[in-house]
Amino acid sequence: MGGVVLPLNPEQAWTRFESLGIKNTRQQMGVYGQTGIFRQLEDGSISEEEFQRALGKQAQEQSNYFGTSDPCFSYEQCVWAWCGYIDYVPLERLQNLLKLKEKYNVLLLSNTNGFLMSWANSADFSGDGHPLSYYFHQVYLSYQLKDYKPSLTIYQKVLEQAGIKAEESVFLDDGPKNIEAAEQVGIHGLLVPKNEDWMPNLMALLNEENS
């Protein structure tokens with residue numbers, strides 16, 4: 001999702017979490033992967049509520065957040081902070097996904113969490129009433145799969161659940177390690193450079209494979 005469908009703005013997300021009192025945000029929220037409770041949220045090890053409380057505890061330790069014995073951020077505050085990653089939704093990329101859906105089985109595999117997906121799954125996502133799932137045949141999310149890219153098992157889970165063959169699949173990602181992992185299980189990988197239109201390179205690869 002991030003870096004392929006949506007341009008990412010890590011700085012804005014870091015700033016929002018820092019405004020909540022999390023002073024080591026940048027160490028926990030990497031461009032290509034999270035650590036600590038941020039990673040646990042996205043690999044499904046902890047729930048949204050557990051994250052809210054763990055984040056409150058961090059804020060209390062780092063900035064005397066609330067001064068209460070049981071600090072806890074609201075669900076809405078966490079959605080706001082996580083959505084800092086998103087600057088805008090490029091409509092041309094959504095249109096490209098719809099074009100691909102006419103001919104190919106288009107799936108999404110994303111390292112993400114329930115806070116971000118509460119927005120992405122809503123009618124607010126596209127600006128014209130469509131959720132993210134509208135643009136894919138199926139959506140696979142790290143926190144639901146209890147796994148995390150670039151583990152090999154997350155790709156194997158998607159191949160098995162979707163009933164597709166690795167050698168007949170193309171995986172797009174902006175993270176080199178994620179591409180390498182996909183290729184290790186036999187999937188064709190296509191690295192997406194930052195802010196680049198990936199459609200021409202993808203169509204060239206698909207035409208090459210079909211020729």
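The values are calculated or read from the model by the stated rules, or taken from the named source; none is laboratory data. The structure presented is a predicted model; accordingly, all values stated were derived computationally and were not measured. All Cβ positions, even for glycine, are placed from backbone atoms using ideal geometry, and neighbour counts span all protein chains on display. All accessible areas refer to the heavy atoms of the entire protein, side chains included, with ligands and DNA or RNA removed. Shrake-Rupley method; radii C 1.70, N 1.55, O 1.52, S 1.80 Å.
At R0 = 25 Å, how high is the FRET efficiency between LYS101 and VAL185 if r is their beta carbon distance? Nearest 0.05 is fine. Please list the in-between numbers first.
Values: r = 24 Å, r/R0 = 0.95.
The value I calculate is 0.55.
List the GluC sites (Glu not before Pro) in the range 97-180 that DSSP assigns to loop (not H, G, I, E or B) and whose Cβ has at most 13 other Cβ atoms within 10 Å. Which are they? Here the sparse-neighbourhood loop sites are GLU102. The mean accessible area for residues of the range 80-211, using a 1.4 Å probe and ignoring ligands and nucleic acids, is 51 Å² per residue. Applying a DSSP loop filter and a limit of 10 other Cβ atoms within 10 Å to the chymotrypsin sites (Phe, Trp or Tyr not before Pro) in the range 64-152 leaves TYR88. Modelled spin labels at ASN121 and VAL89, positioned 7 Å past Cα toward Cβ, are 1.5 nm from each other. Nonpolar atom fraction for the range 130-193, defined as the carbon and sulfur part of the 1.4 Å probe accessible area, stands at 50 percent. On the beta carbon distance between MET203 and GLU76, with R0 = 35 Å, the FRET formula returns roughly 0.30.
In the set (i) 0.98; (ii) 0.94; (iii) 1.07, the label that goes with Cα Rg over 2.2 N^0.38 Å computed for this structure is (iii).
Across the range 71-78, rounded Karplus estimates of 3J(HN,Hα) from the backbone phi angles (6.51 cos²θ - 1.76 cosθ + 1.60, θ = phi - 60°) give x, 7, 6, 6, 4, 5, 5, 5 Hz, Gly and Pro being marked x.
Restricting the range 1-84 to trypsin sites (Lys or Arg not before Pro) that sit in a DSSP loop and have at most 16 other Cβ atoms within 10 Å of their own Cβ leaves LYS23. Rounded to the nearest Hz, the phi-derived 3J(HN,Hα) couplings of the range 132-143 under the Karplus curve 6.51 cos²θ - 1.76 cosθ + 1.60 (θ = phi - 60°) are 4, 4, 4, 9, 9, 6, 8, 10, 10, 10, 4, 6, where x marks glycine and proline.
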